[in-house]
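These notes are about the structure you will find just below.
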């Protein structure tokens, strides 16, 4: 496949898993020609993807600022320079009736979805600003623009994530850093998804192609937000 033209050479995917995170690693490496490094709380789940793309998966708790700083130091050693592209893909859900949600579980959910994004984006921006270039992309959700019943903590985290992305796009864009927020509106297909209705869920590889497209955009026409959904999805 033809390599997409991007001004970037390396990518760090934080909150990677065998689903969308794995697809991002494959598409970035195969179609974008990027060196890829992944980070997750359970990096052992990524061994198959690592083997496929010739990458590594590091352990990181994105809610811990020291852990995140150490991750970026290791990524810099791995690439020989700070990562050009950083994707924040982590989130946590605590479903249930609002009156029954445990406060600590809610705090943990928001910490993974939003506070972790803050730590990761801050470390990325500190390294990108002296270079005057880079890209920071966030994985959003429908919950970031529309709060659903029995999903209060997830909505809180994703609304905060969208606000962070929008603020950073306005602050960092004029300084050469492309900030993008990708709203995934619908369920992402997995290996166990039913093949009977394939159009009802988003193909993670197709989502990843949109991320790569964002990285290929000329700076005179940057997108800060894009929403993706199956053609059959109501919105």
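What follows is calculated from the coordinates using simple rules that are stated; it is not laboratory data. Everything numeric in this text was worked out from a predicted model, so none of it was measured. With ideal geometry, Cβ positions are generated from the backbone for all residues, glycine too; neighbour counts draw on all protein chains shown.
Quote to one decimal, in nm, the extra length available between residue 233 and residue 107 on full extension: 0.36 nm per residue of separation minus the C-alpha distance between them.
The residue 233-residue 107 span can extend by a further 42.3 nm.
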quick note, the stretch 10-228, DSSP beta bridge pairs, % antiparallel (nearest 5) is 0
Which length gain, in nm to one decimal place, applies between residue 145 and residue 64 when the Cα-Cα distance is subtracted from 0.36 nm times their residue separation? 26.5 nm
Extension gain residue 224-residue 203, at 0.36 nm per residue separation less the Cα-Cα distance, in nm? 5.4 nm
Here the chain gives, from Cα atoms, an Rg and Dmax in Å of 16.9, 52
Rounded to whole Å and sorted largest first, what semi-axes of the equivalent ellipsoid does the C-alpha gyration tensor of the stretch 38-118 yield via the square root of 5 times each eigenvalue? 29, 15, 9
Give me log10 I(q)/I(0) at q = 0.10, 0.14, 0.20, 0.22 Å⁻¹ for the stretch 1-85, Debye formula, one equal scatterer per alpha-carbon, no solvent. -0.22, -0.43, -0.86, -1.02
With each run of n ≥ 4 DSSP H residues scored as -39500 (n - 2.57), what mean residue ellipticity at 222 nm is computed for the chain after dividing by its residue count and rounding to the nearest 500 deg cm²/dmol? -12000 deg cm²/dmol
The exposure ranking of 207, 136, 101, fewest beta-carbon neighbours within 10 Å first, is 101, 207, 136
Approximate spin-label separation residue 74-residue 41, in nm, with each point projected 7 Å along Cα-to-Cβ: 1.6
